[in-house]
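Quick notes on the structure that follows.
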Amino acid sequence: MRRGFAMNQTTVHDIQFQLSQYLSNAFTLEEFRNWFDDQTWGLAAEPDSAGRRIAGEIELRIAEFTSGHLTEAQLRNVLIPLAPGTVASHIEIMDFQIPVTEPEPVLTTF
């Protein structure tokens with residue numbers, strides 16, 4: 001059910017919180033989209049705001065996913081910067097390979 005112009009009560013914080021729930025696997029993409037579509041319906045008709053800009057960015061990325069230009073993993077990666085404060089937004093790509101080196105010989109004298 002679309003309520004229309006619900007963004008008046010939905011804040012950037014609300015969007016970021018719900019997005020972080022999706023990024024942390026608390027919600028499926030379908031659950032996030034159901035909430036997002038309901039809460040941002042009609043937003044394009046409202047004056048420019050931070051909420052409109054973040055919703056527009058999320059909508060663009062979801063459209064790229066649904067048209068096959070992004071995988072869901074890629075979608076998640078491009079959405080991470082839009083949800084600051086999440087654990088995922090603080091994780092950088094890391095190389096977990098630990099170099100193994102031979103220890104240098106130790107000379108022991110008696």
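The values are calculated or read from the model by the stated rules, or taken from the named source; none is laboratory data. These numbers come from a predicted model, not from an experiment. Using ideal geometry, Cβ is built from the backbone for each residue, glycine included, and neighbour counts are taken over all protein chains shown.
State yes or no: is ALA45 closer than 19 Å to THR10 by Cα and exposed (fewer than 13 other Cβ atoms within 10 Å of the Cβ)? Quick ask: steps written out before the conclusion?
Details: closer than 19 Å to THR10 by Cα: yes; exposed (fewer than 13 other Cβ atoms within 10 Å of the Cβ): yes.
In short, yes.
ARG52 is checked against (1) of a type in the set (Lys, Arg); (2) crowded, with 17+ Cβ neighbours inside 10 Å; (3) modelled with pLDDT under 75 and fails just one. What number does that condition carry?
(3)
Name the residues in the range 16-34 that are in a helix (DSSP H, G or I) and either under 12 Å from the mean Cα position of the chain (by Cα) or farther than 19 Å from GLU64 by Cα (or both), would you? Steps first, please.
Of the range 16-34, the ones in a helix (DSSP H, G or I) are 16-23, 29-34.
Scanning the range 16-34 gives GLN16, PHE17, GLN18, LEU19, SER20, GLN21, TYR22, LEU23, LEU29, PHE32.
Test ASP38 against the criterion of being at pLDDT below 95, over 16 Å from the mean Cα position of the chain (by Cα) and either exposed (fewer than 11 other Cβ atoms within 10 Å of the Cβ) or assigned to a loop (DSSP other than H, G, I, E, B) (or both), and give yes or no.
Numbers: at pLDDT below 95: yes; over 16 Å from the mean Cα position of the chain (by Cα): yes; either exposed (fewer than 11 other Cβ atoms within 10 Å of the Cβ) or assigned to a loop (DSSP other than H, G, I, E, B) (or both): no.
For ASP38, the condition - at pLDDT below 95, over 16 Å from the mean Cα position of the chain (by Cα) and either exposed (fewer than 11 other Cβ atoms within 10 Å of the Cβ) or assigned to a loop (DSSP other than H, G, I, E, B) (or both) - is not met.
Which of the numbered conditions does ALA88 fail, given that it passes all the others? Conditions: (1) under 19 Å from THR10 (Cα atoms); (2) in a helix (DSSP H, G or I); (3) at pLDDT below 95.
(1)
For the range 5-15, does any single residue satisfy the condition of being touching a Leu at 6+ places or on another chain (Cβ under 9 Å), among the charged types (D, E, K, R), in a helix (DSSP H, G or I) and modelled with pLDDT of 85 or more? Before the answer, list the steps.
Looking only at the range 5-15, we keep the residues that are touching a Leu at 6+ places or on another chain (Cβ under 9 Å), and these are 5-7, 10, 15.
Those left that are additionally among the charged types (D, E, K, R): none.
Checking the range 5-15: not a single residue is touching a Leu at 6+ places or on another chain (Cβ under 9 Å), among the charged types (D, E, K, R), in a helix (DSSP H, G or I) and modelled with pLDDT of 85 or more.
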